[in-house]
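The values are calculated or read from the model by the stated rules, or taken from the named source; none is laboratory data. None of the values given here were measured: they were computed from a predicted structure. Note: ideal-geometry Cβ built from the backbone for every residue, glycine included; neighbour counts use all protein chains shown.
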Ligand SMILES: Nc1ncnc2c1ncn2[C@@H]1O[C@H](COP(=O)(O)OP(=O)(O)O)[C@@H](O)[C@H]1O
Ligand SMILES: [Mg+2]
């Protein structure tokens, strides 16, 4: 049976359902240790999703299980609505992945490497080579040997290889690893543009900052377990932002703000005040605090608003988890 016919039997190009990836109780053990511990993931379609956790948290192992490179010990999973392993072939026809570093033949050119990979795929893949090279910004270097490519160029060639299958879902294992800041910037832009085309990009990372900048939603994984997941904005909604104010007479300044009851916890610091406020406090409310201080005879030397980052939130969550043990 041709794959087109198989797709019809399974119900269209993609099976239904809102999730690009869904897992229930997914578990993978290596001997006594549990690398993936009863993971329930729901990755929405059409977003950039970060699988965030420190080295050794089980990110690569989860990806290998999803792709069928290693077997789960327990649990169920589906990719693009196809239950796997039952419909793995149908699912993987629409999935592109880079696990660990992408590997290429160094003595061949970027284009030749893609030609070899395309030959192993559906016939349409060959026709996508030029567009894929263009898409990742490698068209001008496509006929240079891969051994002359930088790490960033190899990563981009890896994404081009993924694009040969016109994937609905891309899974990238630590795509920022080994990249310099410019390479990270390019990779981030590329991920955004793939998502803008309606694709889903799942990336694993131990770099909090990169996930925060690149992804719409995130799952935080620690020792094999997903401890939080959801849209980044939603996860941050319960956290605070901080206003730092350098000023004269910090204690008098604190008294003024507390008396006016502008909300937030006001603490005195050496140079002035720190005020913890709910995320989303308006600029006007902060300007009002400044006015109260100035009209109360306080000199304000500096005022800075620090938004809660995913990093501070991540540290908060993990330290809270630690203290529960
Ligand atoms: N093939 C393997 N055999 C034994 N242990 C493994 C194997 N692969 C990974 N592990 C262990 O599983 C845990 C998770 O590893 P990994 O998935 O590579 O984490 P990450 O990608 O988050 O850094 C680690 O403790 C690692 O040592
Ligand atoms: Mg890894």
Checklist outcome for this item: Pairing a residue in the stretch 59-79 that is closer than 9 Å to residue 27 by Cα with any residue that is assigned to a helix (DSSP H, G or I) and within 9 Å of ligand 2 (Cβ to nearest atom), where Cβ atoms lie under 6 Å and the two sit 6 or more apart in sequence or on different chains, gives none
Checklist outcome for this item: Of the conditions (1) out of contact with any helix residue (DSSP H, G or I) (no Cβ under 6 Å at 6 or more places or on another chain); (2) part of a loop (DSSP other than H, G, I, E, B); (3) within 16 Å of ligand 2 (Cβ to nearest atom), the single one that residue 137 does not satisfy is (3)
Next on the checklist: Looking at the stretch 121-129, can you tell me whether even one residue there is without any contact (Cβ under 8 Å) to a residue 40 or more places away in the chain and under 16 Å from the mean Cα position of the chain (by Cα)?
Outcome noted: no
Checklist entry - Which residues, taken from the stretch 155-185, are surrounded by 18 or more Cβ atoms within 10 Å (Cβ to Cβ) and out of contact with any strand residue (DSSP E or B) (no Cβ under 9 Å at 6 or more places or on another chain)? => result 156, 157, 160, 179, 183, 184
Checklist outcome for this item: Across the stretch 226-264, the tally of residues that are under 23 Å from residue 299 (Cβ atoms) and without any contact (Cβ under 8 Å) to a residue 60 or more places away in the chain stands at 19
Checklist entry - Can you spot a residue in the stretch 115-129 that is closer than 26 Å to residue 48 by Cα and either within 16 Å of ligand 2 (Cβ to nearest atom) or outside the structural domain of residue 44 (by TED's automatic domain parsing) (or both)? => result no
Next on the checklist: Just to be sure before I move on: is residue 73 more than 16 Å from ligand 1 (Cβ to nearest atom) and within 17 Å of residue 225 (Cβ to Cβ) in the structure I sent?
Outcome noted: no
Checklist entry - Which of (1) within 28 Å of residue 216 (Cα to Cα); (2) at pLDDT 90 or above; (3) loosely packed, with under 15 Cβ neighbours inside 10 Å is the odd one out, the single condition residue 286 does not satisfy? => result (3)
Checklist entry - Which of the residues spanning the stretch 22-31 are within 13 Å of residue 84 (Cβ to Cβ) and more than 16 Å from ligand 1 (Cβ to nearest atom)? => result 22, 24
